[in-house]
Amino acid sequence: MGHVLVIARTVTRTSLLSTPCLGKLLFPALSCTVLQTLTRPHSSLRSWKQKPADTGCQLFAKMAGKAGAWRTAGEGAVPSPPPGVQRDGRAAPSPLPGAISSQRRCPPIAPRAAPPATLASAADVIADEKAFILQTYARPDVVFARGEGTRLYDTEGREYLDFAAGIAVNALGHSHPGWVEAVERQAATLGHVSNLYHTKPQVELARGLVSASFADKVFFCNSGTEANEAAIKFARKWARVAAGVDPQDPEANAPNEIVSFSNSFHGRTMGALAITAKEVYQNPFLPMMPGQKFAKYLDLDSATAAIQQGKTCAVFVEPVQGEGGVNPSTAAFLSGLRDICNRAGALLVFDEIQCGLGRTGKLWSYQNFDVEPDIMTLAKPLAGGLPIGAVLMRQQVADVMKPGDHGSTFAGNPLVCSAANVVFNTISDPSFLSDVQAKGAHLKQGLISALNENPHVREVRGIGLMLGVELDCPAGPVVAKALQMGLLVITAGGGNVVRLVPPLVVTFEEIDRCCDILVDAFKALD
């Protein structure tokens, strides 16, 4: 029978032996000299390890083993023997040279001084960012220092109302007390052991996701693009197995094409980028992954032409497009895709990386349309700001995947999953979701009322707290002016959509304040 190892927590040399008295309590056989050596800086340990055998770690291991044996014998602790006598009654050996008697109190060890704090102005931080960080983002000249709820504060002390939420990530806002407590507790217990071992927080999260969705199994990763990369791999292997070919035969043919849609965004790594309908993202990195087709979003005739039996293995679609311009799907379109995929023998994959987990007022966005997928990808809000991704799938997909087919070193570690459990358990509460629906309706009506006379506004659209204001011109000036006025919003689509994705804990009063600010921010278009 194999061994099942569940890692619960770690204890480090520093935590056990940070003080001599704690070390003496746990390892009574250790001399104070050994304890002090173990608590010295690592430079001392390096020279210590170079000494002959039976010093350092070997001596520690021997003595710690004896201490553990003494502690576990019988019911409770065994009384200390008289001086000069061992616990087995034999005479104690002569002390090691330089050792201090275990009967004497160890002298205190002075704590090391903390390094001085480095204070930097916003200008210094911005200059260093340009000097040391790859310039793939066009950041505004603001440096955020802390957050609380739906509010952010920069290094100058200015307050901002956050309706970007880290691109729909901070669903519970900033520094949510339950989230902070879970992260602090887990960080002090066990942060990471890799996916070679079992850990409880990961299993708890998987159970919750499966129980509340269409899925039978979950695979964890670290981001949205990783989730879609995994889904591509799962779909292609599923198609090979379904076609009856040997998955290891490089000459065997099976359906392998992926169909996605106009205005879609599925990620920036090479597989996910290939199924993203944005040439400006693709062109610098051509050629793209082969075996990809695009159809027109919300057009079933276009989808029917692209999805072909014997060629298509999967269809990727966002129930509500985020980066593409906040474009909701329809029940008729998603239901039609479900039928087309069934006839073609292809998997239907819903990308809910941005629109899932309560963002639309339902736990899952697909629940707004009463259509279920075969695979669903998640990420952004799941761990409330810590990196996580997930692929939920039906059993037929899970059955084709074997150990070694896919993996991730960091994915689903105890720290991230503990945070995700707080987020998931909070958002999945029906009363919480009802509040999101009410707040979303309030925000949408507020935007319509506030902006209905602005000649540049074409449409206010979206579901729940995922809304977009489409303009007849670039939205950048509105976003910049709103930032100056203390409101964070972002763009979407072709840069002509103002996107609002606030924390799901936003209040009605904060929604009203957002709408008031936008009235003035839109004057930047005049």
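The values are calculated or read from the model by the stated rules, or taken from the named source; none is laboratory data. It should be emphasised that the depicted structure is a prediction, and the values quoted were computed from it without experimental measurement. No Cβ is skipped: glycine too gets one built from the backbone with ideal geometry, and neighbour counts run over all protein chains shown. Areas reflect the complete protein model, heavy atoms only, side chains present, ligands, DNA and RNA absent. Shrake-Rupley method; radii C 1.70, N 1.55, O 1.52, S 1.80 Å.
Of all the criteria given as (1) of a type outside the set (D, E, K, R); (2) buried (at least 23 other Cβ atoms within 10 Å of the Cβ); (3) outside any helix (DSSP H, G or I), the one not satisfied by Ala272 is (3). The set of residues in region 367-387 that are closer than 19 Å to Phe265 by Cβ and surrounded by 24 or more Cβ atoms within 10 Å (Cβ to Cβ) comprises Pro373, Ile375, Met376, Thr377, Leu378, Ala379, Lys380, Pro381, Leu382. Is it fair to say Ala206 is in contact with a strand residue (DSSP E or B) (Cβ under 6 Å, 6 or more places away or on another chain), outside any loop (DSSP other than H, G, I, E, B) and under 20 Å from Gly385 (Cα atoms)? So Ala206 passes the test.
Would you call Ala482 among the aliphatic types (A, V, I, L, M), more than 13 Å from Phe163 (Cβ to Cβ) and buried (at least 20 other Cβ atoms within 10 Å of the Cβ)? In short, no. Return yes when Asn413 is open to solvent by 50 Å² or more (accessible area, probe 1.4 Å) and in contact (Cβ under 8 Å) with a residue 60 or more places away in the chain and no when it is not. The answer is no for Asn413. All told, Phe294 meets the bar of being surrounded by fewer than 23 Cβ atoms within 10 Å (Cβ to Cβ), of a type outside the set (A, V, I, L, M) and part of a strand (DSSP E or B).
Each row is one residue, and each column tells you yes or no for (1) open to solvent by less than 40 Å² (accessible area, probe 1.4 Å); (2) on the phi < 0 side of the Ramachandran plot; (3) of a type in the set (A, V, I, L, M); (4) in contact (Cβ under 8 Å) with a residue 24 or more places away in the chain.
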| position | (1), (2), (3), (4) |
| --- | --- |
| Ala182 | yes, yes, yes, yes |
| Ala187 | no, yes, yes, yes |
| His198 | no, yes, no, yes |
| Lys233 | no, yes, no, yes |
| Asp246 | no, yes, no, no |
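Across region 491-514, the qualifying residues are those that are surrounded by fewer than 19 Cβ atoms within 10 Å (Cβ to Cβ) and either in contact (Cβ under 8 Å) with a residue 24 or more places away in the chain or more than 29 Å from the chain's Cα centre (by Cα) (or both), and the one among them that is nearest to Gln445 (Cα to Cα) is Asp512. Residue count for region 128-174 satisfying the condition of being in contact (Cβ under 8 Å) with a residue 12 or more places away in the chain and within 23 Å of Asp512 (Cα to Cα): 24. The residue of region 257-269 that is farthest from Gln321 (Cα to Cα), among those that are of a type in the set (Ser, Thr, Tyr) and either open to solvent by less than 10 Å² (accessible area, probe 1.4 Å) or free of Cβ contacts under 8 Å to residues at least 24 places away in the same chain (or both), is Ser260. Taking the criterion of being assigned to a helix (DSSP H, G or I) and closer than 16 Å to Val397 by Cα, the residues of region 213-236 that qualify are Ala227, Asn228, Glu229, Ala230, Ala231, Ile232, Lys233, Phe234, Ala235, Arg236. Which members of region 330-354 meet the condition of being assigned to a loop (DSSP other than H, G, I, E, B), over 18 Å from Glu226 (Cβ atoms) and open to solvent by less than 10 Å² (accessible area, probe 1.4 Å)? Scanning region 330-354 gives a single hit, Ala346. Ser194 satisfies every condition listed in (1) open to solvent by less than 40 Å² (accessible area, probe 1.4 Å); (2) on the phi < 0 side of the Ramachandran plot except (2). For Ser418, the criteria (1) closer than 20 Å to Trp238 by Cα; (2) assigned to a helix (DSSP H, G or I) hold in every case but one, which is (1).
Considering Ala239, Ala254, which residue is crowded, with 17+ Cβ neighbours inside 10 Å and assigned to a loop (DSSP other than H, G, I, E, B)? Spell out how you get there, then give the answer.
Working: Ala239 fails: assigned to a loop (DSSP other than H, G, I, E, B).
Exactly one residue qualifies, and that residue is Ala254.
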